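Enquirer: Before I ask anything, let me first share the structure, which is written out below as structure tokens.
The values are calculated or read from the model by the stated rules, or taken from the named source; none is laboratory data. Please read all numbers here as calculations on a predicted model, not as lab measurements. As a convention, Cβ positions derive from the backbone with ideal geometry for all residues, glycine included, and neighbour counts pool all protein chains shown. To get the accessible areas, we keep the full protein, side chains included, count just its heavy atoms, and leave off ligands, DNA and RNA. Shrake-Rupley method; radii C 1.70, N 1.55, O 1.52, S 1.80 Å.
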Amino acid sequence: MKLYENPFSSAALKVRAVIHELGLPVTLVTVDMAKGEHKAPEFLARNPNGKVPTLVEDDGFCVWESNAIMCYLAAKKPESGLLPTDARGMAQVQQWLQWQASTFAASTGEVMMETLYAKFFGKAKDEAKYAAGMEKVRRDLAVLEKTLAGKEFLCGKLTLADFSVVSALVLRTPMGVDLEAFPHVKAWVARMEARESVRKSLPPI
């Protein structure tokens, strides 16, 4: 298998972490997005959205959308428990994967756009947009704080949900996101970042 990705993509980061956690033989292929490689015809043939990450099997089978890729990889090793097979366990994981994609990725993305991405593209930070994004991030952190009270992981035990959600907080320092007001979230993030699979997946900054 090959994973077409970029080291600075939080979406790719969580897939890399799951690959390391599962010990799967996957070759990482860096897509230079600054040069527009994600919009090249060859790449669009694999993923019509022109986004990373994209997983390609040796027989040409492609999977895109980071949460879908993680589910596909975890299904290859059901004994890992990262993707429960019972109805309730699966529903719990899926609700967090969907929450991450529809809610948390959007709020943290707004903040990232005005910090990391603004710096990367040489644009001025829009303070109003940054403040609005931070308000949404704090709203979402409050949801996580309540959920993690008395729990080691989001669903009780380690699952794909943890890798998916924590990926949005790995770059919290340059984003200006402070977790001091959310002690349960802070402790959970520390547990996740202490895992070798996550450490090996961090971007080179």
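Enquirer: For the chain, what are the DSSP H helices with axial Cα length of 20 Å or more and mean Kyte-Doolittle hydropathy of at least -1.0?
Expert: Values: long enough: 127-148 (31 Å, -0.37).
Taking the DSSP H segments of the chain (at least 20 Å long, mean hydropathy at least -1.0), we get 127-148.
Enquirer: Average projected area of the Cα convex hull of segment 131-182, in nm²? Please list the in-between numbers first.
Expert: Values: hull surface 14.9 nm².
If you wrap the Cα atoms of segment 131-182 in a convex hull and average its projections, you get 3.7 nm².
Enquirer: Let me ask something else about it. In Å², and per residue, what accessible area does the chain have when probed at 1.4 Å with the other protein chains present? Don't skip to the answer; put the middle values down first.
Expert: Working: 10370 Å² over 205 residues.
Per-residue value: 51 Å².
Enquirer: Right, here's the next one. Would you mind calculating the gained length between GLN98 and ALA190 on full extension (0.36 nm times residue separation, minus the Cα-Cα distance), in nm to one decimal?
Expert: Values: separation 92, 0.36 × 92 = 33.12 nm, distance 2.30 nm.
30.8 nm is the gain from fully extending GLN98 to ALA190.
Enquirer: Ignoring everything except DSSP H segments at least 4 long, calculate the 222 nm mean residue ellipticity for the chain; use -39,500 (n - 2.57) per segment, divide by total residues, nearest 500.
Expert: Details: 11 runs with 104 residues, N = 205.
Computed mean residue ellipticity for the chain: -14500 deg cm²/dmol.
Enquirer: Lys and Arg at +1, Asp and Glu at -1: add these up for the other residues within a Cβ distance under 15 Å of LYS39 and post the number.
Expert: Numbers: positive: LYS35, ARG46, LYS51; negative: ASP32, GLU37, GLU42.
Combined, the nearby Lys, Arg, Asp and Glu give 0.
Enquirer: Could I ask something else about it? Report the per residue volume, in Å³, of the convex hull enclosing the C-alpha atoms of segment 83-205.
Expert: Values: hull volume 12.9 nm³, N = 123.
Enclosed volume per residue, from the Cα hull, is 105 Å³.
Enquirer: Quick one: P(r) of the chain from all Cα-Cα pairs, 5 Å bins, percents rounded to integers, in order of increasing distance.
Expert: Using 5 Å bins, I get a P(r) of 1, 7, 15, 19, 20, 17, 11, 6, 2, 0 for the chain.
Enquirer: Evaluate the relative contact order of the chain (contact order divided by residue number), counting alpha-carbon pairs under 8 angstrom at least 6 apart; express in whole percent. Display every interim value, and only then the final one.
Expert: On the way: 252 pairs, mean separation 52.4, N = 205.
Relative contact order here is 26 percent.
Enquirer: Suppose the chain between MET1 and GLU135 were pulled fully straight at 0.36 nm per residue; how much longer would it get relative to their current alpha carbon spacing? Could you put the intermediate results ahead of the total?
Expert: Values: separation 134, 0.36 × 134 = 48.24 nm, distance 3.97 nm.
Full-extension gain reported as 44.3 nm.
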